[in-house]
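Working notes, structure below.
What follows is calculated from the coordinates using simple rules that are stated; it is not laboratory data. Here the structure is a predicted model, which is why all the values come from computation and not from measurement. With ideal geometry, Cβ positions are generated from the backbone for all residues, glycine too; neighbour counts draw on all protein chains shown.
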Amino acid sequence: MKDLKTEISDAMKTGKILIGAKSVGGALLNSNPKLVLVSSNCPNNVGEEIIYYSRLSNVPYKMLPNDSLELGSMCGRPFPVSTLGIIDEGESGILDMIKG
């Protein structure tokens, strides 16, 4: 089984991913992502809002043990990423990995 970093990288390359709380929050209100990932150091008010909208939309979410710098690195971005929304997982197995 692949690790989380590899699965996120595969999803970034072959799927459709939303990066950041504003994008993910908007998607939760307008169109449902398949999965939401929240970094361990996401600001409390932001994390709580994303989780609240996830629950309202029946979208699974996962609090990661990784901080925003690590999540940004996993996404291949040179900046911190607090939340990630998976719209289309592409060729990655991230949905099975997180749910299973």
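Global size of the chain: 12.0, 34 Å for Rg and Dmax (C-alpha atoms, Rg to one decimal, Dmax whole).
Relative to the Cα centre, what is the charge dipole magnitude of the chain, using +1 at the beta carbon of each Lys and Arg, -1 at the beta carbon of each Asp and Glu, and rounding to the nearest 20 debye?
Around 140 debye, computed over the chain.
Here the sum of -39500 (n - 2.57) over DSSP H runs of 4 or more residues, divided by the residues of the chain, equals -14000 deg cm²/dmol at 222 nm, to the nearest 500.
Note on the chain: Lys pairs 8 or more places apart or on different chains, Cα atoms under 14 Å apart, count 5. Using the Cβ-Cβ distance between Ser31 and Lys62 with R0 set to 25 Å, the FRET efficiency works out to roughly 0.80.
Of all DSSP beta bridges located in the chain, what percent are antiparallel, nearest 5? Antiparallel: roughly 75 percent of the beta bridges in the chain. The Cβ shell under 13 Å around Gly47 holds other residues with a net charge of -1, Lys and Arg each +1, Asp and Glu each -1.
Each of Leu56, Leu84, Leu95, Leu64 has some number of other Cβ atoms within 10 Å of its Cβ, and from fewest to most they run Leu56, Leu95, Leu64, Leu84. For the range 10-26, backbone phi angles converted through the Karplus equation (6.51, -1.76, 1.60; θ = phi - 60°) give residue-by-residue couplings of 4, 5, 5, 6, 10, x, 10, 10, 9, 10, x, 5, 5, 5, 5, x, x Hz, Gly and Pro being listed as x. Applying 0.36 nm per residue to the separation of Asn45 and Thr6 and subtracting their alpha-carbon distance, the gain on full extension is 11.1 nm.
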